[in-house]
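Rule-based calculations on the coordinates, nothing more; no lab input. Because the structure is a prediction, the values reported are computed rather than measured. Please note: Cβ atoms are built from the backbone with ideal geometry, for glycine as well, and neighbour counts cover all protein chains shown.
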Amino acid sequence: ATIQDGIADKYSVYLANANGPADDTKITYDGNKLDNVAPLMLNITPTYSTDKYYVSLNYQYMGKRWANVANAFQLPAFGSIDLNMGYNITKKIALSASINNLLDTYGVMNW
């Protein structure tokens, strides 16, 4: 698990208006939450194995997070599950298969 709380320490941008710098405006986002930094990211992988085979499920969770430093909107949280299986044919030959996003979950990583 990763637990974090990213803050924009010093972050400013200039809003360019008409031609020339005379009417440009500085916008400061100091103290806002960082963009694309989820407060919680989680991976859980229960596994069952024997001498001949293994099977595991990997659950990955990405928490809700701000889409930009201006904190204009948030990207939703989502989770996905991967399935991994393997069979040892001999000591040196193995057959394995993986299915990523087993439940066909939609999630937005960034924009």
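Just want the answer: with Cβ charges of +1 for Lys and Arg and -1 for Asp and Glu, which residue in Phe78, Val13, Thr50 is farthest toward the dipole's positive end in the chain?
Positive-most Cα among the choices belongs to Thr50.
I'd like the Karplus ³J(HN,Hα) series for the stretch 28-39: coefficients 6.51, -1.76, 1.60, θ = phi - 60°, whole numbers in Hz, and an x wherever there's a Gly or Pro.
These are the phi-based 3J(HN,Hα) values: 10, 10, 3, x, 6, 5, 5, 7, 6, 10, 6, x Hz.
For the chain, compute the number of Lys pairs whose alpha carbons are separated by less than 20 Å, excluding pairs fewer than 8 positions apart on the same chain.
5
Over the chain, what is the relative contact order in whole percent, taking alpha-carbon pairs under 8 Å and six or more residues apart? Write down the numbers at each step before the final one.
On the way: 239 pairs, mean separation 22.3, N = 111.
Relative contact order of the chain: 20 percent.
What are the semi-axes of the equivalent ellipsoid of the chain, taken as the square roots of 5 times the eigenvalues of the Cα gyration tensor, listed largest first and rounded to whole Å?
47, 14, 12
What are the ³J(HN,Hα) couplings of the stretch 55-64, residue after residue, when phi is run through the Karplus curve with 6.51, -1.76, 1.60 and θ = phi - 60°? Round to Hz, x for glycine and proline.
My calculation for the stretch 55-64 gives 8, 9, 10, 10, 9, 10, 10, 10, x, 4 Hz in order.
Name the long-range amide H neighbours of Ala94: under 5 Å, sequence gap of 5 or more, or other chain; modelled H, no Pro or chain starts.
Hits under the 5 Å cutoff: Ile89.
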